[in-house]
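> I'd like to ask some things about the structure below.
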Amino acid sequence: MKKKVVCSLLAAAMAVSMTACGSGSASTAASTSGSSGTSSTSAAADSSAEAASTSSGSTEAEAVTSGSTAAEAVASASTAATGESAAVKATGDKPTIAFVPKVMGQAWWDYVQKSVESWSSEAGIDVIYKGPTEIDAAAQVQIMTDLVNQGVDILCFSPNDPDACEAICKQARDKGIIVIATEASGMKNVDYDVEAFDETGMGAFLMDELAKQMGEKGKYVTMVGSLTMESQNNWADAAIAEQEKKYPDMTYLDPPARLVDNSDADEAYNQTKQLLTQYPDVTGICGTGSFDAPGAARAIEEMGLTGKVFAISVALPSEVGNYLENGTLQSVALWDPGISAKVMLNAGMEIFNAGKDASAIKDGMDLQQDGYHAVTISKNDNGAGLITGQGQLAITKDNYKDYSFA
């Protein structure tokens, strides 16, 4: 349940930076409600090859990525950012696969679509990529319902409202459809939910990055958006535990108590200025929220402490690019949603190739994507499977432009 909160919090922050843009695909196809088109997916993303409206009033957008004709340029554009790409191919009959994003026409999900197209091209399997044109739980459920009634073999999705998707996912599984989710770690009616990392792993990752910047010595503090944000505080606790285990020459300074910026970059700036004025010997700030590093960097730069005080947190590349370029920040943390999408598809294919036996996914299995070469398999409180990788990424001045979707 905690990872569900993690993704919701960060997704909310990322949504601020998402802007509509076009995306590429081999072709569009008839929607389940009767609309059809043959234009490229650039048109599908912009005008969404308009399908019938759902009961909630949202339109649907659909593209079919063609495993045999997907444009090479699309595949290489995705691979440039997502790194290693290896698709699990069919060992017998090819399945019908659908991927339902949270929304179409936003940069984050356009990037995911390109990654799905890349996977489709490599696997030689068509994938229906279809979602609502605005964040709308009811519209998304209707799209999933149409696809289930259509008779897909594998349904991958990222829910706008996990609870709202439970009923249709149960129907899908009752029909023998393989159901793979992401950002839904508490759902019951899925075969597996894919998560890029667990809380301990993210906290350790943040500390390892900060320790490297600090030369593994000096005093540091932690910063969170709120003391009630469970996941952010768990990341901070895990970071402290990592420091105590691996970096004896670093010291967690308490007091001051854990800094809180109320998920506001201006408040992070103010908190950092006050901290460094009162405790000038502090050289590290381990943040966890997406506003922590941007606000702290502004204060560090303004106070002339670049190269002397270091800060890190989860953050959007678009918010910190200038600080990475000028050295005020050395790195921030993120994950690659395109890689997560490919892992979802690979997991679905492993199950399909095993006669739809979900137990084909094993602990320590290689799902053939960076960060997922030795996945951890577990069960959530509802008995559904969890696939957890080590998909944290260090975003630096050398690679932040590869992640322009964020």
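> What do you reckon, is ILE168 in contact with a Ser or Thr (Cβ under 9 Å, 6 or more places away or on another chain), over 16 Å from GLU62 (Cβ atoms) and free of Cβ contacts under 8 Å to residues at least 60 places away in the same chain?
So ILE168 fits the description; yes.
> A follow-up question, please. So in the stretch 214-235, with the set limited to residues that are part of a helix (DSSP H, G or I) and closer than 18 Å to PHE310 by Cβ, which one is modelled with the lowest pLDDT?
Let us first name the residues in the stretch 214-235 that are part of a helix (DSSP H, G or I), namely 214, 230-235.
From what's left, closer than 18 Å to PHE310 by Cβ: 214, 235.
Values: MET214: 99, TRP235: 94.
Checking each candidate, the answer is TRP235.
> Scan (1) modelled with pLDDT of 95 or more; (2) surrounded by 21 or more Cβ atoms within 10 Å (Cβ to Cβ); (3) touching a strand residue (DSSP E or B) at 6+ places or on another chain (Cβ under 6 Å) for the single condition LEU324 breaks and write down its number.
(3)
> Out of VAL148, VAL116, VAL103, VAL141, report the one residue that is in contact with a Phe, Trp or Tyr (Cβ under 8 Å, 6 or more places away or on another chain), more than 23 Å from GLY371 (Cα to Cα) and touching a residue at least 24 places away in the same chain (Cβ under 8 Å).
VAL103
> Condition first: modelled with pLDDT under 95, under 26 Å from the mean Cα position of the chain (by Cα) and under 17 Å from TYR403 (Cα atoms). Can you find one or more residues in the stretch 293-308 that meet it?
Pass one, the stretch 293-308, residues modelled with pLDDT under 95: none.
Scanning the stretch 293-308, I find no residue that is modelled with pLDDT under 95, under 26 Å from the mean Cα position of the chain (by Cα) and under 17 Å from TYR403 (Cα atoms), so the answer is no.
> Evaluate the following for GLN106: is it of a type outside the set (Gly, Ala, Ser), assigned by TED's automatic domain parsing to the domain that holds GLY385, buried (at least 23 other Cβ atoms within 10 Å of the Cβ) and within 17 Å of the chain's Cα centre (by Cα)?
yes
> If you don't mind, there's one more thing I want to ask. For the stretch 266-297, how many residues meet the condition of being more than 14 Å from LYS219 (Cα to Cα) and surrounded by fewer than 20 Cβ atoms within 10 Å (Cβ to Cβ)?
The total comes to 6.
A quick yes/no check of all residues on (1) in contact with a strand residue (DSSP E or B) (Cβ under 8 Å, 6 or more places away or on another chain); (2) crowded, with 24+ Cβ neighbours inside 10 Å; (3) under 28 Å from SER290 (Cα atoms); (4) modelled with pLDDT of 95 or more:
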site: ALA341; (1), (2), (3), (4): yes, yes, yes, yes
site: ALA354; (1), (2), (3), (4): no, no, no, yes
site: ASP363; (1), (2), (3), (4): yes, no, no, yes
site: GLN369; (1), (2), (3), (4): yes, yes, yes, yes
site: ASN382; (1), (2), (3), (4): no, no, no, yes
site: ILE387; (1), (2), (3), (4): yes, yes, yes, yes
site: LYS397; (1), (2), (3), (4): no, no, yes, yes
site: LYS401; (1), (2), (3), (4): no, no, yes, no
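> Among the strands (runs of 3 or more DSSP E) contained in the stretch 236-339, which hold 1 or more residues that are aromatic (Phe, Trp, Tyr)?
Because the criterion is at least 1 residues that are aromatic (Phe, Trp, Tyr), the strands (runs of 3 or more DSSP E) in the stretch 236-339 that meet it are 250-252, 310-312, 332-335.
The values are calculated or read from the model by the stated rules, or taken from the named source; none is laboratory data. Everything numeric in this text was worked out from a predicted model, so none of it was measured. FYI the Cβ positions are ideal-geometry reconstructions off the backbone, even for glycines, and counts take in every protein chain you see.
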